[in-house]
Amino acid sequence: MAKYVFITGGVVSSLGKGITAGSVGTLLKKRGLKVSILKVDPYLNVDAGTMNPFQHGEVFVTDDGAETDLDLGHYERFIDETLGEQNSITTGKIYSSVIAKERRGDYLGGTVQVIPHITNDIQERMVRAGEGLDVLIVEIGGTVGDIEGQPFLEAIRQMANRVGRENVVYCHVTLVPWLEAAKELKTKPTQHSVQELRRIGILPNILVCRTSHPMDQDMKNKIALFCTVPSEAVIEVRDETTIYNVPISLHRQGLDDLILRYLGLPHDAEPDLSDWRRVVDRYVNPPESVEIALVGKYVQHKDAYLSVVEALHHAGIHHNVRIEVRSVESEDLETGDPAELLRSADGILIPGGFGARGVEGMIRAARYARERQVPILGICLGMQMMAVEYARNVCGLHGAHSKEMDPATLHPVIHLMQEQEHLDTMGGTMRLGAYPCDIEEGTQAARAYGTLHITERHRHRYEFNNAYRERLEQAGLKVSGVCRERDLVEIIELPGHPWFVGGQFHGELKSRPVRPHPLFAGFIGATLARQRAL
């Protein structure tokens, strides 16, 4: 039977519960345990797929096609395990499930209530997610006191009775703010947050305190006294140069030992964190740097391209080079001079997105990179706009436009997936999840991957129109990767260019700090080579 670590948050949001969960997972996995992580999002959406990236950040897609919160990306990057639909719970999922059961008569005419029906459904999903594991880490989104989070907090309170108190650890992430006027840290917000947890019956075992200034032992003793935890269970987490140093910091303070002791698991062997120390050292102390222009539609929101930026840093770690990401709003390129806006960039990356807004700027960025021999990597929409640019400016394919496209910006070389042509634009579904891809030998993609057979994750409704494939290839553009089972163009590249590669998939979703995605690593390698040659 699995044991459980429940991570809650208090005072304010965005304290780093996801990073804490991922770091705990890293440390426990390094101890030889079989670990996974579950994210609970209290919002009413069934999943994150319809959420505006300006509000919620990126949508992280798993191999099985689940559209999830971006924290699952943190989890995969930290524990280096493939997660899926069962690793994400939302209020929308829970209520949809319970209401469907009620309509089928599963409750035999009983009155359906939050307790026990909603809380039981939550617990059953946690138990299923924990099958075959030593430890399941569960992060509860939001903060203690949120109305929408109350059923989930009640569910994890009940889990101690269901699986045994000795099999459960409650870890609370809270804030110890620095008051500039008083020149001191204040513990009262943490005290109130823990008081709110205790009011609903949860007694936290460990407090992870986010703070901008060092906490002395007297302050830790004070928090321990007022919050009824041992002083050794008051863990300090300050802002780090890189999030990948958090597992090292938490281990230094003994967090993993505490959790293992509480759960009755062996804690004698030291975890081997040498790979993480190497990651941190290369992130913090690289001898060189390169600037990457991220030409996107949602660059105003720091989390909209979170996995893309992390994948760039992973590639930088691999090459021992610092990545300076400069965001460029694609709409600015529609009216501005690409040579002026992109001149300082050593490489250009065009990420995914939806809708026609800003795509003309992406097309202009692709042309600039092609003509100036600047390394460029296109992801999903980015790859499509690279194909459109080549069709327009090299093949001279102007004129008729497919009815699904905005005729002012797009070209029929990219069209709606065939199986969706009969569906309303808003009612269609996307191609989601992992699909296989065969790569042609001798291409840049083949050299980057080191293999000819891969799988990559997708999230798109438009794709390369095969009716134009021969025309573009005759003009010099190479289709180097194809999904045979769907006859889908997956990778395009331009022979003779330092790096002009686009992928229909989202390679950033499979990148890891200790194992960068091959196309990102190849892109940064080409960028670095060009910079050194100048």
Going by the conditions given, is Val127 touching a helix residue (DSSP H, G or I) at 6+ places or on another chain (Cβ under 7 Å), among the β-branched types (Val, Ile, Thr) and either surrounded by fewer than 18 Cβ atoms within 10 Å (Cβ to Cβ) or modelled with pLDDT of 95 or more (or both)?
-> no
For the stretch 113-126, pairs from a residue that is part of a helix (DSSP H, G or I) to a residue that is surrounded by 14 or more Cβ atoms within 10 Å (Cβ to Cβ) and of a type in the set (D, E, K, R), with Cβ under 6 Å and 6 or more apart or across chains, are Thr119/Glu154
Could you pull out every one of the helices (runs of 4 or more DSSP H) wholly within the stretch 236-336 that has 3 or more residues that are at pLDDT 95 or above and buried (at least 16 other Cβ atoms within 10 Å of the Cβ)?
-> 246-252, 255-263, 274-284, 306-319
Considering Val35, Val5, Val11, Val40, which residue is more than 18 Å from the chain's Cα centre (by Cα), of a type outside the set (S, T, N, Q) and over 21 Å from Leu258 (Cα atoms)?
-> Val11
So Glu76, is it among the charged types (D, E, K, R), under 22 Å from Ser23 (Cβ atoms) and outside any loop (DSSP other than H, G, I, E, B) | yes
Candidate set from the stretch 93-126 (those that are within 26 Å of Gly49 (Cβ to Cβ) and among the hydrophobic types (A, V, I, L, M, F, W, C)); member that is nearest to the chain's Cα centre (by Cα) = Met126
Please work out if Ile259 is assigned by TED's automatic domain parsing to the domain that holds Val208 and touching a strand residue (DSSP E or B) at 6+ places or on another chain (Cβ under 6 Å).
-> yes
Take the residues of the stretch 492-534 that are touching a Lys or Arg at 6+ places or on another chain (Cβ under 9 Å), assigned to a strand (DSSP E or B) and not hydrophobic (A, V, I, L, M, F, W, C): which is farthest from Glu470 (Cα to Cα)?
-> Arg512
Unique residue being closer than 19 Å to Gly92 by Cβ, small (Gly, Ala, Ser) and either touching a residue at least 60 places away in the same chain (Cβ under 8 Å) or out of contact with any Asp or Glu (no Cβ under 6 Å at 6 or more places or on another chain) (or both) when the list is Gly10, Gly57, Gly25 = Gly57
Taking the stretch 130-158, which residues are outside any helix (DSSP H, G or I), of a type in the set (Asp, Glu) and modelled with pLDDT of 95 or more?
-> Glu131, Asp134, Glu139
Test Glu81 against the criterion of being part of a loop (DSSP other than H, G, I, E, B), in contact (Cβ under 8 Å) with a residue 12 or more places away in the chain and in contact with a helix residue (DSSP H, G or I) (Cβ under 6 Å, 6 or more places away or on another chain), and give yes or no.
-> no
Residues in the stretch 253-280 that are closer than 22 Å to Leu312 by Cα and among the charged types (D, E, K, R) total 3
Examine the stretch 403-418 for a residue that is of a type in the set (S, T, N, Q) and either at pLDDT 95 or above or within 18 Å of Gly503 (Cα to Cα) (or both), and state whether such a residue exists.
-> no
How many residues are surrounded by fewer than 20 Cβ atoms within 10 Å (Cβ to Cβ) and under 27 Å from the mean Cα position of the chain (by Cα) when one looks only at the stretch 339-354?
-> 1
Can you find even one residue in the stretch 5-12 that is in contact with a Phe, Trp or Tyr (Cβ under 6 Å, 6 or more places away or on another chain), surrounded by 22 or more Cβ atoms within 10 Å (Cβ to Cβ) and among the aromatic types (Phe, Trp, Tyr)?
-> yes
Given the structure, is Leu250 outside the structural domain of Asn205 (by TED's automatic domain parsing) and closer than 26 Å to His314 by Cβ?
-> no
If you take the residues in the stretch 1-39 that are in contact with a Pro (Cβ under 7 Å, 6 or more places away or on another chain) and either over 12 Å from Pro247 (Cβ atoms) or not in a helix (DSSP H, G or I) (or both), which one is modelled with the highest pLDDT?
-> Arg31
Within the stretch 197-221, the count of residues that are more than 23 Å from Ile19 (Cα to Cα) and buried (at least 17 other Cβ atoms within 10 Å of the Cβ) comes to 1
From Tyr95, Tyr107, Tyr43, grab the single residue that is among the hydroxyl-bearing types (Ser, Thr, Tyr) and in contact (Cβ under 8 Å) with a residue 60 or more places away in the chain.
-> Tyr43
Subset of the stretch 355-364 that is free of Cβ contacts under 8 Å to residues at least 60 places away in the same chain and in a loop (DSSP other than H, G, I, E, B) - its residue that is nearest to the chain's Cα centre (by Cα) = Gly355
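The values are calculated or read from the model by the stated rules, or taken from the named source; none is laboratory data. Quantities reported herein were computed from a predicted structural model and do not represent experimental measurements. Every residue, glycine as well, gets a Cβ built from its backbone with ideal geometry; the counts of neighbours run over all protein chains shown.
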